[in-house]
1. Can you give me the P(r) profile for region 339-697? Cα pairs, bins 10 angstrom wide beginning at 0, each as a whole percent.
2. Considering amide H positions built from the backbone, and no H for Pro or chain starts, which residues 5 or more places from S112, or on another chain, come under 5 Å of its amide H?
3. Could you go through region 646-657 in sequence order and give the Karplus-derived ³J(HN,Hα) for each residue, using 6.51 cos²θ - 1.76 cosθ + 1.60 with θ = phi - 60°, rounded to whole Hz, and x for Gly and Pro?
4. Can you pull the percent of Cα pairs in region 570-700 with separation above 21 Å?
5. Non-local amide H neighbours of A526 (under 5 Å, H modeled in plane, Pro and chain starts lacking H): which ones?
6. List the trypsin sites (Lys or Arg not before Pro) in region 287-375 that DSSP assigns to loop (not H, G, I, E or B) and whose Cβ has at most 16 other Cβ atoms within 10 Å. Which are they?
7. Would you work out the charge dipole size for region 347-469 about its Cα centre, treating the Cβ of every Lys and Arg as +1 and the Cβ of every Asp and Glu as -1, and quote it to the nearest 20 debye?
8. Compute the label zone of E433 within region 462-493: residues whose backbone N is under 13 Å from the point 7 Å along Cα-to-Cβ.
Amino acid sequence: MSQKISQTASSSEVPYFLRYKKKDLWGYQRICRLDTQKPLRILYVVGTSLKANLDRSAPPSSKFFSVKCTANVQYSISPVPRETSSLTPIPLTESSALLISMDTASEHENDSKLSVQYYGEKKDVLGTAILHLTAVEISLDVDADRDGVVEKNNPKKGSWKWGPDGHGAILLVNCDSEKTYWKKPDNKDTSISRVSDLKDMSVMVLRTKGPAKLPEGYKLTMHISQGDAESVRVFRSRSADVLNSGLSQKLYNVFVKDFPLVLSSEVLSKEVPYLGGVAEMNFHVEGLRFPDKDFDGLISINLSLLEPISAGVPETPIFTDKVVFRVAPWIMTPNTLRPVEVFVCSTSDNYQFLKGMRNLVTMSGYKLNICHEYENRGDRWMQDELEIGYIDSPHQRFPVVLDSPRDGDLADFPYDKLLGPDFGYVTRVVLDEQVSSLDSFGNLEVSPPVTVNGKKYPLGRIIIGVAFPTATKGRNMTKVVQDFLWAQKVQEPIALFSDWLCVGHVDEFMTFVPAPDRKGFRLLLASPDAAYKLFRGLQKSGQGKATLFDGLAKAKQKTVDEILNDKNLQEENNYVQSCIDWNRDVLKRELGLEDEDIIDLPILFKLVKEDDEHRAVAYYPDMVNMIVLGKNLGIPKPFGPKVNGRCALETKMCSLMEGLGLSCTFIDDFASYHELLGEVHCGSNVRREPFQFKWWNLEM
């Protein structure tokens, strides 16, 4: 091959040792050998630099050197010599070094050249070291700026930063199922069963530019650490044409073989093809698990260029590119977000409840899904079995159901009925802990967005119930579930004291409703004090003989006077009020609330003995345990004392809610839910639209 070798910068006014113009690309530097005994062939990666120690490679008695190179090679000498003439050999010192770079990729192998000539004391030539250079461009790219586009060589692709000015790619846990029969979550499958599954994965692009093939022995490998291997899987696209061919989904399924597995827990490193010329190769990255106590959600994927040494000797990496993903968290949705569909159970005895729910959901304009008795086997507690949240990324989002560890007769419903295309599933298996009632998801709620002492929680805060801090044998939500919730980071949990309740769920004494003013919502709290105030007002106005539970054949009727004269009941409710007040203070502090943001609902409780402990249950249907569907509230019908033919509790509830523009619908759940220690909220579940706010824009 004929090459034009020139004295560097001989026609330029800039001295040759200042010729290198792209010092900002010297961040990745590798040592390069020189050899006066034989020419060396070097593969160079554009954007890096080669550093050669000139003295180490010099023949004995060398005192001077000079450098020549082809036009597309740049170099700089360090330390900078005093001489400025490009024709004068440079004095050689122990620290003399040559920094070499190239601006563009080679069209052919070894199409560039650099030589170093060494001289003795009298400027006599002692030897020449020749480098034949081949330049390639290599970048492993992801959507580091989170705009849905995989840009080329984003300088921040190898790290993660939260916030609107942050960076770092996002990965979804591929926990939905493209299959509808014999299904399992897609992340449990080591192959791609349908090409439609690719939309749930993050695209990673290997971009290369250079000669038709790499010099003999060089190769590209992709690799992950053993620690990350449990959390990620990588597939390769053999053909760029499949995804853009416009074929029907039916034909797409023929091409699943075009997406071979590259990296997994069994394969930590694998060679990937170098395509030659200007090329792009797509990879599809699949998240396998959510952040948890032992996993911070960050995953690194590396691409290395390996250089051969000699037969039988391992290759050595001469260049590595790295990208970082963060696994998207599971996110809960508060009552203030728009509903999409409602889930309830049908049982042999809940006709009245189901009738009321059907009317409410139809009036509100949402979809009602009924789980029939052959599926629920009499387990009516839809709220307790599951919580529906979602996961989100710039390229895809879908709902994900978190299955509780309670595992009643509804245990199969989340997996069998909800898991499917674009509906994910996740659970936490409890091994070494005792599952209690506090592990049911009536004990898992989330607030609307709040700001607390200047810190913003634009996705709200998760709320769970636990034992009182000083309790020695109280019930708690299992640690594996709490660890999972904390690890999601974006909805920092709050722990309330709920073990004082017989069932032990936070939804028995609190909920949130939308509001047109202040913070955009109100916190509703059950309040025995508010109930006694209401009943005393009725007594004072001459309604002391009005009865609770009027019209309920199986319920023992109680007059207002009897309620107020029951000193034992009063003491029990004083205890309940103190428990709620404790939680009120916690919620005010942790959610940044004032008293004006809280509405007290008139609800009485009574204590019952369970496992040698006295715990509280609602005395009459617990109105705070409601379902919120936009501006329509489905509230347990309290069967309170009637005044002028109308329930005084309903009247009070309507006056409190209608001031917020909310409409109250009272649903009869007395026999089918209340007497079984649950209410409307316990028997229903709502899938809501996701937040518009993107979780990765959180300031952490």
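1. Bin by bin from 0 Å, the calculated values are 5, 24, 35, 26, 8, 1, 0.
2. L133
3. Values per residue, Gly and Pro as x: 10, 4, 5, 5, 5, 4, 5, 4, 5, 5, 6, 8 Hz.
4. Tail of P(r) above 21 Å: 55 percent of Cα pairs.
5. M510, L601
6. R289, K293
7. 760 debye
8. 464-467, 475-487
A short reminder: the numbers here are calculations on the coordinates, not readings from a lab. Since this is a predicted model, take the numbers as computed values, not measurements. Backbone-built Cβ (ideal geometry, glycine too); neighbour counts: all protein chains shown.
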